[in-house]
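Quick notes on the structure that follows.
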Amino acid sequence: MASLAKPVKLLVLPPSPPSLLLRSPLRRLAAFLKDRTFVDRVKLFDANPDIIRAFAGTGISLMITVPNGDIPSLASGRSSAPSPAASAWVATNVAPFYPATNISLIAVGNEVLATSDRNLIAHLVPAMRSLSAALAASGFPLIRVSTPHSLGILSASEPPSTGRFRPGYDRVIFAPMLDFHRRTSTPFVVNPYPYFGYTARTLDYALFRPNPGVFDAATGVNYTNMFEAQLDAVHAAMQRLGYGDVEIAVGETGWPSAGDPGQLGVSVEDAVSYNANLIRLVNSGKGTPMMPGRRFETYVFALFNENLKPGPTAERHFGLFNPDLSPSYDVGLMRDSNYVSLMLENMVGTARLRHLSDGGVLQAPAPSSDSWRWCVATADASAAELQNNIDYACGSGGADCRAIQDGGACFDPDTPRLTPLMP
């Protein structure tokens with residue numbers, strides 16, 4: 001990876017970006033990452049054309065994703081030729097944007113083996129080959145093809161030297177997949193998550209904090225963090241099949257900064273400990289005990305907190321940033337330590353909300369409540385309908401509408417379509 005004044009940072013845009021982000025101009029997001037942060041790569045869980053287009057000219061590399069459901073159609077009966085569907089996918093999702101947007105890797109599905117869908121699994125490697133052939137035939141040979149895996153692909157991982165792929169998948173799926181990676185010089189992508197494997201006893205081991213370590217008698221190595229142990233278990237499984245030379249990349253990993261009341265190991269301090277030490281490790285060039293001297297292309301999950309994601313509280317707090325672009329915590333991502341005050345001065349001013357020239361809306365820091373919503377008019381709503389909604393929200397709806405009333409910071413322009421509602 002490229003050498004920067006500070007370590008390279010690689011982030012994941014959540015599969016369901018928060019609603020507030022969707023209403024912000026995506027180009028401003030891309031410009032923010034380019035100008036204010038050390039982020040140089042972003043992973044998308046889809047191939048959203050608006051997001052891909054927004055990163056044009058930034059130099060930030062994108063990993064985009066083929067949906068799992070498209071995998072069977074992409075596969076070709078001939079390993080050396082692309083299928084019509086693969087060629088069409090490239091024509092739709094790559095050709096209109098590349099090279100203005102630096103699409104560097106295409107993920108064929110996500111954790112496909114974890115679905116246990118035999119049809120998807122059987123077509124996964126043929127789809128990877130077909131998409132790679134379609135990229136080459138379209139004149140894009142530098143765009144890499146891979147597929148991310150959960151660590152459920154391993155039948156053994158502790159200690160790391162015992163690492164092996166699940167029986168039945170090792171020779172049928174992983175051997176031909178690793179052969180593809182070797183021939184195309186592309187990475188085998190895994191998603192190690194110490195967060196999903198820690199206990200009270202192993203919390204410090206998971207968070208890169210001082211701990212007694214875990215001793216691997218076969219190699220004589222005492223592992224002092226779970227992340228290195230998980231990567232080496234994957235490497236041992238690959239080596240067992242004769243593919244220890246294939247590069248490994250980390251498709252996603254991370255740690256939440258908030259959780260349910262009383263949840264052990266979930267706090268801002270814990271998230272900082274994991275992510276800061278993770279970034280330091282993967283950019284150090286130190287490698288792991290089994291892979292010394294390697295750097296690992298690593299994507300931190302996630303770029304943003306997902307305010308609308310269902311499930312436990314922690315699932316909504318993996319982000320390094322809030323939807324308003326303020327940091328959830330600091331792991332050295334920012335180029336300018338005073339960026340928050342500068343952002344508010346240059347982009348928001350003293351008002352809670354301002355209108356941007358392209359019609360988008362950018363949220364300034366709001367109270368720490370998940371109940372806030374920003375209401376944006378649809379294109380086909382009439383002025384009368386909008387005014388009725390505003391009257392309701394500011395009346396019996398209970399919204400604080402002082403900012404949009406005469407004399408308020410957001411009063412102008414005084415038209416229903418450009419008036420933000422803040423119920």
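The values are calculated or read from the model by the stated rules, or taken from the named source; none is laboratory data. Bear in mind that the values here come from a model prediction, so they are computed numbers and not experimental data. Every residue, glycine as well, gets a Cβ built from its backbone with ideal geometry; the counts of neighbours run over all protein chains shown. The accessibility values were calculated without ligands, DNA or RNA, using every heavy atom of the protein model including side chains. Shrake-Rupley method; radii C 1.70, N 1.55, O 1.52, S 1.80 Å.
Of everything in region 60-98 that's closer than 17 Å to THR186 by Cβ and polar (S, T, N, Q), which residue is surrounded by the fewest Cβ atoms within 10 Å (Cβ to Cβ)? Looking at residues that are closer than 17 Å to THR186 by Cβ and polar (S, T, N, Q), I get SER80.
Conditions tested, residue by residue: (1) buried (at least 17 other Cβ atoms within 10 Å of the Cβ); (2) of a type in the set (D, E, K, R); (3) modelled with pLDDT under 95; (4) closer than 22 Å to GLU252 by Cα.
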| position | (1), (2), (3), (4) |
| --- | --- |
| THR115 | no, no, no, yes |
| ARG118 | no, yes, no, no |
| ILE121 | yes, no, no, yes |
| MET128 | yes, no, no, yes |
| ARG144 | yes, yes, no, yes |
| ALA156 | no, no, no, yes |
| VAL172 | no, no, no, no |
| ARG182 | no, yes, no, yes |
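Scanning region 27-76 for residues that are among the β-branched types (Val, Ile, Thr) and in contact with a strand residue (DSSP E or B) (Cβ under 7 Å, 6 or more places away or on another chain) turns up THR37, VAL39, VAL42, ILE52, ILE60, ILE64, THR65, VAL66, ILE71. What do you reckon, is ALA237 of a type in the set (A, V, I, L, M), touching a Gly at 6+ places or on another chain (Cβ under 9 Å) and open to solvent by less than 10 Å² (accessible area, probe 1.4 Å)? Judged against the criteria, ALA237 is a match.
Per-residue answers, yes or no, for (1) open to solvent by 10 Å² or more (accessible area, probe 1.4 Å); (2) at pLDDT below 95; (3) among the charged types (D, E, K, R):
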site: MET291; (1), (2), (3): no, no, no
site: LEU303; (1), (2), (3): no, yes, no
site: ARG316; (1), (2), (3): yes, yes, yes
site: ARG335; (1), (2), (3): yes, yes, yes
site: ASN346; (1), (2), (3): yes, yes, no
site: GLY349; (1), (2), (3): yes, yes, no
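Out of the residues in region 272-289 that are of a type in the set (Gly, Ala, Ser) and outside any loop (DSSP other than H, G, I, E, B), state the one that is surrounded by the most Cβ atoms within 10 Å (Cβ to Cβ). Going through the qualifying residues, I end up with SER273.
Does region 248-258 contain at least one residue that is in a helix (DSSP H, G or I), under 26 Å from ILE60 (Cβ atoms) and at pLDDT 95 or above? Checking region 248-258: not a single residue is in a helix (DSSP H, G or I), under 26 Å from ILE60 (Cβ atoms) and at pLDDT 95 or above.
Of all residues in region 184-195, those that are in a helix (DSSP H, G or I) have Cβ atoms under 9 Å from Cβ atoms of residues that are open to solvent by 10 Å² or more (accessible area, probe 1.4 Å) and among the hydroxyl-bearing types (Ser, Thr, Tyr), 6 or more apart or on another chain, in THR184/SER132; PRO194/THR202; PRO194/TYR205.
Every listed requirement among (1) at negative phi; (2) without any contact (Cβ under 8 Å) to a residue 24 or more places away in the chain; (3) assigned to a loop (DSSP other than H, G, I, E, B) is met by GLU269 save one, (3).
Of the residues making up region 129-149, those that are under 18 Å from PRO99 (Cα atoms) and part of a strand (DSSP E or B) are ARG144, VAL145.
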